[in-house]
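The next block holds one structure in the form of structure tokens; read it before the comments.
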Amino acid sequence: MRANCSSSSACPANSSEEELPGGLEVHGNLELVFTVVSTVMMGLLMFSLGCSVEIQKLWWHIRRPWGIAVGLLCQFGLMPFTAYLLAISFSLKPVQAIAVLIMGCCPGGTISNIFTFWVDGDMDLSISMTTCSTVAALGMMPLCIYLYTWSWSLQQNLTIPYQNIGITLVCLTVPVAFGVYVNYRWPKQSKIILKIGAVVGGLLLLVVAVAGVVLAKGSWNSDITLLTISFIFPLIGHVTGFLLALFTHQSWQRCRTISLETGAQNIQMCITMLQLSFTAEHLIKMLSFPLAYGLFQLIHGFLIIAAYQTYKRRLKHKHGKKNSDCIQVGHTRKSTSSKETNAFLEVNEEGAVTPGPPEPVDCHRALESIGHITSCE
């Protein structure tokens, strides 16, 4: 089973295939790590993140799906096109080009929901986009792959992991539904669950990333080209997604959400599709790319979160200092005004206590005093 091409610069027809190793050193626990652990992680994370979803806001996004439409355009418009351009620009080999393209055609992953929470994004939009992109992947993945590989003349059929997509939908919608219900019935407890779930989710992502890299060390190769693409591909997704959201006049909160949703792909779905479509000798040239992509998208996400949290703290400190200065100035003015008012009252009290017939009031002097107090206030 060999993926050959005839009329694409990404897959030169005259290039000879290198001698492939006879076996692929993939540990037996690799599939267990990326299926069982990630499935449990997805369920727990989506339950905790579902505790931040409000039914009214979620229904509003469904009734007016402008933000969802922009996200889907980024997910199945910009990302596959970017993958195709990268494959052509770097003159990748056939199997490598297919791996990059499949990654670009995958829907958004749940990791984007965690990143969205930590950058104060729109959680309702984030979960809606993840769900809708996973549903749309049933038809958009084969369509995008067909359109972009049409000129490559593939001699083998690619297997779309419909079962994996179905499992992803179940693990996404059911926990979110429970989380929404908990947020509706017990809003105070849901905030605690949300904070704990966000922290635990970040730790689980690190564990899965490290375990995946260690268990699949036999799948890594020294191809610097694939590593370079796996590094810049998520960044391009984040930047182009943010710019498109900004161009369509989305709010800053939605821009951050759409940006993270665009750059974060479903790594497990890409790996499953590669394993179903290619033999072990081809996988040794392909499996390193989704693993590297997943690692770099984690690094990029954590850097984005760190930059945003730093900016948020500085902005909060700046506003806090400004408010304290305003309060201090207000107290100073109030103290000065109180002293002057007390002095004026003391003068009036002395005049009121003095016995004897009433003296003529100096109206000019009284008006000056009143005018002085008014000016101070």
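Structural remarks
- Chain lengthening between residue 36 and residue 186 when straightened (0.36 nm per residue, less Cα-Cα): 51.0 nm
- Region 88-167, accessible surface, carbon-and-sulfur percent (1.4 angstrom probe): 63
- Listed pairs 195/322; 57/318; 191/318; 195/312; 188/318; 191/321 exceeding 23 Å between Cα atoms: 195/322; 57/318; 191/318; 188/318; 191/321
- Mean-position separation - Cα centroids, region 100-120 and region 250-282, in angstrom: 6
- Accessible-area value, residue 238, 1.4 Å probe, nucleic acids and ligands omitted, Å²: 10
The values are calculated or read from the model by the stated rules, or taken from the named source; none is laboratory data. Fair warning: this is a prediction, and the values are worked out from it, not measured in the lab. These accessible areas exclude ligands, DNA and RNA; they are computed on the full protein's heavy atoms, side chains included. Shrake-Rupley method; radii C 1.70, N 1.55, O 1.52, S 1.80 Å.
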